[in-house]
Amino acid sequence: MKFENTIDFAKQLDNEDPVKAFREKFYVPYIHKKDAIYFTGNSLGLQAKAVQEHILDELEDWASYGVEGHFYARNPWVSYHELFPPLLAPIVGAKEEELVVMNQLTVNLHLLMASFYRPTQQRYKIICEAKAFPSDQYAFDSQVKLHGFDPRNAVIEVTAAEGEASIGTERILNEIEKHGKETALVLFSGVNYYSGEVFDMESIAKAAHTAGAYCGFDLAHAAGNIRLALHDWEVDFATWCSYKYLNSGPGGVSGVFIHEKHATQKSFPRLAGWWGQNKETRFAMGREFDPIPTAEGWQLSNAPVLSMAAHKASLQIFEEAGFEHLLEKAAMLSSYLFFIIDEINASRKEKIIEIITPRDPEKHGCQVSMLMLKRGKEIFEKLKAESVIADWREPNVIRIAPVPLYNSYTEIFRFGEIISKLLANG
Ligand SMILES: *Cc1c(COP(=O)(O)O)cnc(C)c1O
């Protein structure tokens, strides 16, 4: 499609948008006396209006039933987590038995590494991306040390080529091949949080398996953002948080995928807890651990129902909208944002914004990362004063993530207008 940098064109795209009505289902922050242009759904998704009602239902049932709510609540708490696999399966491309919702992301990374990172003297390396999210880096280093290895030679970070922001598939596959025999685990993000680069998960999983290693993904920036096919790609495991693109609220519950070839194996090593125990015998309080032969068998504790209620409200909106429709709009929104930023650069004597997110539609999701060549922090602060909520990452990157459920083409046009004005002054 040929884009235009005019308000009429942006409004026309909004009018033709098949999922435009969903914005009304969310609270958009009101800042400096106007509706914010909220471009940080990659950091904390907005609150769906339905969330309050879903949480209130549980508060009411708790008040009415006390402990009996485990069995008599409208959504019995004993099986509350079972509501999620059918809603998540189409979003991450998994079978229901491969999914469970539990804990939080970094906790789950550790639990999954307990199962899938079991190094030997010959195979002890973890291959990951350079500039992974810090929590992941800390998790990798601490796991390696826990097993008596030294992160300096056990954690292999694949870097981008000199002067490039994206790593690219070739460098990753080369590195896996190079360290193949010594590699226990390949663990990447699905979408790098800083550059917005989408990794070729299918090829990475294949290369890891060829090398004889397991392969997992941290999908914090991928779940609800890009098309995933975890089962078909034969990914061994994955985990994600639900408060970014999945809009489930601060500190919301995390999701886990474990491929059925592992999840069904009761003998697969894991850290165990009572909620992973066979449901028939869980309350017999017996001595022997007999895990549920699905991803549920990795659960430790009973479900955090109040935070899960927000997750349920949000995932029902994804279901109603249809994830495919959202993906189509997401691709259009980011294309329009690329176009608007190009227009800003073209209107100036010298380029001021370098887009470090790959332009290939297969290589990016909603997020577009702008490396500010000048005046970065100042422009970021001024955007905020104009009610544009973006995200700042040192040393000088502004991340912008228009999301299909509640952002519009008009907001992207307005963003272009505002940033052009700010750049013209000063
Ligand atoms: C957001 C994010 C986290 C945050 O972890 P929590 O345990 O949810 O606080 C971790 N890793 C990545 C890649 C992230 O994007």
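Looking only at region 283-312, count every residue that is open to solvent by less than 40 Å² (accessible area, probe 1.4 Å), touching a Gly at 6+ places or on another chain (Cβ under 7 Å), in contact (Cβ under 8 Å) with a residue 24 or more places away in the chain and more than 30 Å from residue 22 (Cβ to Cβ) and tell me the total.
Summing the residues that are open to solvent by less than 40 Å² (accessible area, probe 1.4 Å), touching a Gly at 6+ places or on another chain (Cβ under 7 Å), in contact (Cβ under 8 Å) with a residue 24 or more places away in the chain and more than 30 Å from residue 22 (Cβ to Cβ) in region 283-312 gives 5.
In region 112-158, which residues are assigned to a helix (DSSP H, G or I), open to solvent by less than 20 Å² (accessible area, probe 1.4 Å) and either within 12 Å of the ligand (Cβ to nearest atom) or of a type outside the set (Ser, Thr, Tyr) (or both)?
Result: 112, 113, 116, 136, 139, 140, 143, 144, 154.
Among the residues of region 43-58, which ones are assigned to a helix (DSSP H, G or I) and either under 19 Å from residue 301 (Cβ atoms) or in contact (Cβ under 8 Å) with a residue 40 or more places away in the chain (or both)?
Of everything in region 43-58, those that are assigned to a helix (DSSP H, G or I) and either under 19 Å from residue 301 (Cβ atoms) or in contact (Cβ under 8 Å) with a residue 40 or more places away in the chain (or both) turn out to be 51, 53, 54, 55, 57, 58.
If I ask for residues that are more than 12 Å from residue 409 (Cβ to Cβ) and either among the charged types (D, E, K, R) or touching a Phe, Trp or Tyr at 6+ places or on another chain (Cβ under 6 Å) (or both), which ones from region 1-22 would you list?
2
So which helices (runs of 4 or more DSSP H) stay within region 313-426 end to end and still have 1 or more residues that are surrounded by fewer than 19 Cβ atoms within 10 Å (Cβ to Cβ), at negative phi and touching a Gly at 6+ places or on another chain (Cβ under 7 Å)?
323-346
Any residue in region 225-240 that's crowded, with 19+ Cβ neighbours inside 10 Å: show its pairings with residues that are in a loop (DSSP other than H, G, I, E, B) and modelled with pLDDT under 95 at Cβ separation under 8 Å, as long as the two are six or more apart or on different chains.
Close Cβ pairs (under 8 Å, with a partner that is in a loop (DSSP other than H, G, I, E, B) and modelled with pLDDT under 95) do not exist here.
Being modelled with pLDDT of 95 or more, under 18 Å from residue 120 (Cβ atoms) and away from the ligand (no atom under 16 Å from the Cβ) narrows it down to one residue among 205, 184, 161; which is it?
Testing whether each residue is modelled with pLDDT of 95 or more, under 18 Å from residue 120 (Cβ atoms) and away from the ligand (no atom under 16 Å from the Cβ) leaves just 184.
Give the number of residues within region 218-245 that are more than 12 Å from the ligand (Cβ to nearest atom) and of a type in the set (Val, Ile, Thr).
Residues in region 218-245 being more than 12 Å from the ligand (Cβ to nearest atom) and of a type in the set (Val, Ile, Thr): 2 in total.
What is the one condition in (1) in a helix (DSSP H, G or I); (2) open to solvent by 10 Å² or more (accessible area, probe 1.4 Å); (3) within 13 Å of the ligand (Cβ to nearest atom); (4) in contact (Cβ under 8 Å) with a residue 24 or more places away in the chain that residue 109 does not satisfy?
Of the numbered conditions (1) in a helix (DSSP H, G or I); (2) open to solvent by 10 Å² or more (accessible area, probe 1.4 Å); (3) within 13 Å of the ligand (Cβ to nearest atom); (4) in contact (Cβ under 8 Å) with a residue 24 or more places away in the chain, the odd one out for residue 109 is (2).
What's the number of the condition residue 81 fails, among (1) touching a residue at least 60 places away in the same chain (Cβ under 8 Å); (2) in a helix (DSSP H, G or I); (3) out of contact with any Asp or Glu (no Cβ under 8 Å at 6 or more places or on another chain); (4) not aromatic (Phe, Trp, Tyr)?
Failing condition for residue 81: (3).
Please determine whether any residue of region 249-263 is under 22 Å from residue 79 (Cα atoms), among the basic types (Lys, Arg), within 26 Å of the chain's Cα centre (by Cα) and at pLDDT 95 or above.
No, there is no match, as no residue in region 249-263 is under 22 Å from residue 79 (Cα atoms), among the basic types (Lys, Arg), within 26 Å of the chain's Cα centre (by Cα) and at pLDDT 95 or above.
Which residues, taken from region 246-267, are part of a loop (DSSP other than H, G, I, E, B), open to solvent by less than 10 Å² (accessible area, probe 1.4 Å) and within 13 Å of the ligand (Cβ to nearest atom)?
Listed by number, the residues that qualify are 246, 248, 252, 253, 254.
Considering 92, 78, 67, 51, which residue is within 16 Å of the ligand (Cβ to nearest atom) and either more than 23 Å from residue 312 (Cβ to Cβ) or not polar (S, T, N, Q) (or both)?
92
The values are calculated or read from the model by the stated rules, or taken from the named source; none is laboratory data. The shown structure was predicted, so the numbers you read here are calculated from the model rather than taken from an experiment. Every residue, glycine as well, gets a Cβ built from its backbone with ideal geometry; the counts of neighbours run over all protein chains shown. With ligands, DNA and RNA removed, areas are computed over all heavy atoms of the protein, side chains included. Shrake-Rupley method; radii C 1.70, N 1.55, O 1.52, S 1.80 Å.
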